[in-house]
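Trainee: Attaching a single structure in C-alpha cells format; questions to follow.
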Amino acid sequence: MRPLSTLAVLAAGILPVLASQPASAVERQPFEVVKGWEVERTIGDTSANPCLMTHAYEDKDDNNAANAVVFALRGSSVALVLVYQGWDFDKEEAVKVPLFLDKKAIKVKTTWIGDGKTLRTQLPDSVVPDLLAAKTVILRFEDSDADFRIPDFAAGYESLRRCDATPANVAAAQPRTPGAAALQAGPAQPTLPPQQRIAAYAIGLSLQRVLKECDVSSTGKQRAAVDARMAALQPEMVPLDAQLRSELKRNGESCPPADKQADFQEILRKFIDLSPEDLVAALEKQPAAEKAPEAAPGPKL
C-alpha cells in the first residue's frame, strides 16, 4: 500500500482543471461568474492574457459524468482544454481527432495532448467567431463523438476579455463575489475544496480500499465511521472524485505488510477522530523521510 502519510502530498498536486504553471505554484483570483462561466485570473501572471474561463457541469445523459470546458487567450492563439470523467489518457499522450463546433468542421491541423481526464490543444484565434456562435464542442473519435456544452460562450468570453484588460492591482481590489451579471444568471458554479480536504478525501479513498480488499484488523464501527466521513466529504469532491481515484490507482496501491499494521491502525484512528484539516496537519508533522518526494503534477494548459 502506498504510505498513507504521502497521500496529502499527492493530492495537493491533483488540482483541476488547468494550470499554465505547475499546479502547486498556481493561485487564482476569482474575477466574476457570468451565465455559468467562471472567470479567474492567475495571480502573478504578467502576460497580456492572465485569465481563463471555465464551464463545469454534470451530464445527466451520461450517468452524471463530470465535464468541463476551459478556454484562455494566448496572444494570437487560444488554449482549449476539455475534461471528461470517462477518459483515461496516458500523460502527454498525443491524440489526433477532428474538432467540430456544432455541425461545422474546424479545418485546423492540431494535435490534442492527453493527461488522465483531460485533452488540451492550442488553436489560432481565428476560431473565436465560430466558438462565439456555437453551443457545442465536439471531438469526433472513430467509435463515437465526445460532446461538450458551451452555453452562453459569448457572455463568458466578454468577461474573459474584461479580466485580461483589468490591471492586476485593480483586479486584486475587486470583491471576490459574483458581479451583477452573475447574480442575474443564477448561482455560481461551486469552487474547488481546499487542498487539505482534498488530501483527506484521497486518504479516505485509500482506507476504504484497504478495508475492503486487505486482511487488516477493523471493527464494524470503524468501517461505518470511515464511510460516514467519506459521505460527508463526497458532495464537495464531485469534480475531483474520478481524477483522484485514477491518480491513486496509477501511483500504485497494495495491502499494508505485517510490520506496517500499527501504522495503518494509527492512520485509521486519526481519520475517524480528527477533522480533515487536523488529519492532514498531523500527517504533515511526520518526519520528511516518510513523505512523498514530490507531488503528482496536475494538468497543464
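Trainee: If 87, 112 are ordered by their accessible area, calculated over protein heavy atoms with a 1.4 Å probe, which sequence runs from highest to lowest?
Mentor: Greatest to least solvent exposure: 87, 112.
Trainee: If I take the Cα coordinates of segment 60-168 and project them onto the principal axes, what are the three extents in Å, biggest first?
Mentor: Dimensions of segment 60-168 along the principal axes of its Cα atoms: 42, 29, 29 Å.
Trainee: Another question, if that's okay. Please list 159, 77, 217 in order of solvent-accessible area, largest first, computed with a 1.4 Å probe with all protein chains present. Write out the running numbers ahead of the final one.
Mentor: Numbers: 159 0, 77 35, 217 85 Å².
The ordering from most to least exposed comes out as 217, 77, 159.
Trainee: Say R0 is 45 Å: what FRET efficiency, to the nearest 0.05, do residue 58 and residue 217 get from their beta-carbon distance?
Mentor: Efficiency, from the Cβ-Cβ distance: 0.75.
Trainee: Something else about it: Would you kindly find the accessible area of residue 27, with a 1.4 Å probe and non-protein molecules such as ligands, DNA and RNA excluded, rounding to the nearest 10 Å²?
Mentor: The value for residue 27 is about 110 Å².
Trainee: Turning to a different aspect of this structure: Per-residue accessible area for residue 254 at 1.4 Å probe radius, Å² rounded to 10?
Mentor: Residue 254 has an accessible surface of roughly 60 Å² with all protein chains in place.
Trainee: Still on this structure: Using the Karplus curve 6.51 cos²θ - 1.76 cosθ + 1.60 with θ = phi - 60°, what ³J(HN,Hα) values do you get for each residue of segment 29-40, in whole Hz, with x for Gly and Pro?
Mentor: So the J values, rounded to whole Hz, are 10, x, 9, 6, 10, 10, 6, x, 9, 9, 9, 10.
Trainee: Please state, rounded to one decimal and in Å, the Kirkwood hydrodynamic radius that segment 216-282 gives when every pair of distinct Cα atoms enters the mean of 1/r.
Mentor: In segment 216-282 this quantity evaluates to 13.6 Å.
Trainee: Give me D for segment 126-169 in µm² s⁻¹, whole number, from Stokes-Einstein with Rh from the Kirkwood sum over alpha-carbon pairs, 20 °C and 1.002 mPa s.
Mentor: 175 µm²/s
Trainee: Could you give the distance between the Cα centres of segment 259-285 and segment 24-100, to the whole Å?
Mentor: 34 Å
Trainee: Given a 1.4 Å probe and heavy atoms of the protein chains only, how would you sort 62, 227, largest accessible area at the top?
Mentor: Order by accessible area, largest first: 227, 62.
Trainee: Give the accessible surface of segment 77-137 per residue, rounded to a whole number of Å², with probe radius 1.4 Å and ligands, DNA and RNA excluded.
Mentor: Solvent-accessible surface per residue comes out at 50 Å².
The values are calculated or read from the model by the stated rules, or taken from the named source; none is laboratory data. These numbers were taken from a predicted model, which means no experiment stands behind them. Neighbour counts are summed over all protein chains in view; Cβ atoms, including those assigned to glycine, are modelled from backbone coordinates with ideal geometry. Remember, those area values only see protein heavy atoms, side chains included, never the ligands or the DNA or RNA. Shrake-Rupley method; radii C 1.70, N 1.55, O 1.52, S 1.80 Å.
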